[in-house]
Amino acid sequence: MMLAALRRLASLAVIAVSLFPLAYAISTSFKQGSDLFGGDFWPSRVVLSNYRSLFRDQPFGTNLLNSALVAGVVVALSLGLSLLSAWALGRVRFRGRQALLLSILGVSMLPHVAVLAGLFELVSALGLYDHLAAMMLSDLLFTLPFTVWVLTTFMRELPKELEEAALLDGAGVFTLVFRVFLPLLWPALVATGLLAFIGAWNEFLFALSFTLSSDERTVPVAIALISGSSSYELPWGNIMAASVIVTLPLIALVLAFQRYIVSGLTAGAVKG
Amino acid sequence: MELRDDHPSLKQPTAAATAVPRSRPAGTLQRARRLQAWGLVLPTLAVLAAVAGWPLARTVFFSLTDARLSALGERRFVGLANYLGETGVLADPQWWASVGNTLLFTACSVTLETLLGLGVALLLNQRSRLRTALRAAVLVPWAIPTVVSAKMWSWMLHDPFGVINTFLVASGLVAEPLAWTADPGLSFVTIVLVDVWKTTPFMALLTLAALQMVPRDIYEAAQVDGVPPWRVFVHLTLPLIMPALQVAMVFRALDALRVFDVIYVMTANSRATRSMSVYVREQLIDFQKIGAGSAAATLLFLTIAVITLAWLMATRSRLRELE
């Protein structure tokens, strides 16, 4: 009985600690003027000016679109490339496969600053500096190893009879991967795609280093660089409004696909 | 990391074997399959070589030159001067401070996240009415972008108007508002706590997955024998989930060693919290010193590579012992 009560209390505490910062950000985003610094949780007057000024005084709409474009392209490229290599790495026995898998895992351990100078040179040489394409290219550094690794573990579990039947019917390897396996891999694709999307949506270092103009920024950079008239006077209302806007869609996605996410995360780490 | 081989055995005659042209022996088929496999891995390898292999090689190369960001092309070869020279990275007390910060940050955050994650996972593994709400709630910090969580906490810990200072002063716990992010004695703790808030859910989910693989009948048997719950936990559950827990800790530690976002956003270039990644970016971009910055980046890469390899060797040899 005691133990059950303690567990209940602990669960409630964890829920409160997890949710409070977001709740406080939401309430702040509706406050204005001295209300911001009053220390009360509820705004004394609900205002939308923080949200309005984000879109009026700053290219925040463009930043949102940028983030969605970058993350979307990165996910599509990662899933496409990794579907092909997952078949090869998961279902074909060839020399050097182990080494390939380990080096792909190794890439996902790379500290991003270790490739920053080289990537900067590459991005500039390709004429992509201060363009969204710079992030679309460099984000593959961390999404691709992850999607390859997870899809390989899922691909390995599929029944081999399916493949035999398809091959005997004279199906080519592309038919096999995209017509036979793809429909069975939907849950895995949703899970890995979503995690890769979150990774690219949240990426900060490359986006900060490879953009200059505010129209090419992604949302995390835009939020980090929102500044007031002086460095001591940050417009917290605006910052919290922006934070709420980028966070709510992510949370909706995550909660809607909870089960997939848990399976994707564990396939990425534990099963590997 | 054991890899299973389950390619279809094409050599075996099956009912539909006539569909395979007889003139092509199985060996040729196998070779064609292997070639195809290489063909399909190639695009991935090409992309990874372009965004990882080549840039990494360039970073190592730049670390041996005096290149500057404004004029990458005009560079001289300077040997190991960026590492060992008088103004080299290894002679810079700031570098060593950032190494110390990074290692301490990794040790503190991974320990706390593992312990708290285990606690949350145990709560999630228990059938209760709160379980669904709890699982949804812990996914929230995990889903929030690091930059955003850093900003949210900066605002909550604002000195003097933040909600936490207001609460602490009003309840009489502290006499004056605390400068959470500006006070050098406090900012490190703040960074660790914000990281723990954001990343504990990840550890909790991985630990939960391990807990759910523990066979149920073990618990039932222990209950029948009247073993107290804490002994079941220490002697049965913990040893069973240990391998998975270790993998999660290593992944987390390798991630913590390259920490950047939360520190850059919350405390910028404060010496008290500067991590190796923050140091590298400061050298590369803010000071435009591509040579010295690349040398520091190479050292960070080597640190992480050595730890990864050591871990791989350790798990390999342990696996061999078990066999």
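The values are calculated or read from the model by the stated rules, or taken from the named source; none is laboratory data. It should be emphasised that the depicted structure is a prediction, and the values quoted were computed from it without experimental measurement. Here the Cβ positions follow ideal geometry from the backbone for every residue, glycine too, while neighbour counts run over all protein chains shown.
The condition of being within 8 Å of chain B (Cβ to nearest Cβ), touching a residue at least 12 places away in the same chain (Cβ under 8 Å) and aliphatic (A, V, I, L, M) holds for only one of A:Leu144, A:Leu100, that being A:Leu144. If the condition is being of a type in the set (A, V, I, L, M) and not in a helix (DSSP H, G or I), then segment A:108-149 contributes A:Leu110, A:Val115, A:Leu126, A:Leu128. Of the residues in segment B:223-241, at least one is under 22 Å from the mean Cα position of the chain (by Cα) and surrounded by 17 or more Cβ atoms within 10 Å (Cβ to Cβ). Only residues that are of a type in the set (S, T, N, Q) and more than 30 Å from A:Gly199 (Cβ to Cβ) were counted across segment B:199-237, and they come to 2. Can you confirm whether B:Arg127 is among the basic types (Lys, Arg) and in the same structural domain as B:Lys289 (by TED's automatic domain parsing)? Yes, satisfied. Of all residues in segment B:251-262, those that are facing chain A (nearest Cβ under 7 Å) have Cβ atoms under 9 Å from Cβ atoms of residues that are among the basic types (Lys, Arg) and in a helix (DSSP H, G or I), 6 or more apart or on another chain, in B:Phe260/B:Arg281.
The combined condition, being without any contact (Cβ under 8 Å) to a residue 60 or more places away in the chain and either facing another protein chain (nearest Cβ under 10 Å) or at positive phi (or both), is not fulfilled by B:Val232. Can you name the residue in segment A:28-53 that is crowded, with 18+ Cβ neighbours inside 10 Å and within 28 Å of the chain's Cα centre (by Cα) and is also nearest to the other protein chains (Cβ to nearest Cβ) among such residues? Here the residue is A:Thr28. Screening segment B:222-290 for helices (runs of 4 or more DSSP H) wholly inside it with 1 or more residues that are at pLDDT 90 or above and among the basic types (Lys, Arg) returns the ranges B:238-256, B:276-281. The residues on offer are A:Leu158, A:Leu140, A:Leu151, A:Leu105, and the sole one that is at pLDDT below 95 and crowded, with 24+ Cβ neighbours inside 10 Å is A:Leu151. Any residue that is in contact with a Cys (Cβ under 7 Å, 6 or more places away or on another chain) and of a type in the set (A, V, I, L, M) - is there at least one of those in segment B:179-199? Looking through segment B:179-199, at least one residue is in contact with a Cys (Cβ under 7 Å, 6 or more places away or on another chain) and of a type in the set (A, V, I, L, M). Screening B:Trp142, B:Trp153, B:Trp95 for residues that are in contact with a helix residue (DSSP H, G or I) (Cβ under 7 Å, 6 or more places away or on another chain), more than 7 Å from chain A (Cβ to nearest Cβ), part of a helix (DSSP H, G or I) and within 30 Å of A:Pro249 (Cβ to Cβ) leaves exactly one candidate, B:Trp142.
For A:Gly127, are the conditions met, namely being within 30 Å of B:Ser294 (Cα to Cα), more than 20 Å from the chain's Cα centre (by Cα) and more than 10 Å from chain B (Cβ to nearest Cβ)? It is true that A:Gly127 is within 30 Å of B:Ser294 (Cα to Cα), more than 20 Å from the chain's Cα centre (by Cα) and more than 10 Å from chain B (Cβ to nearest Cβ).
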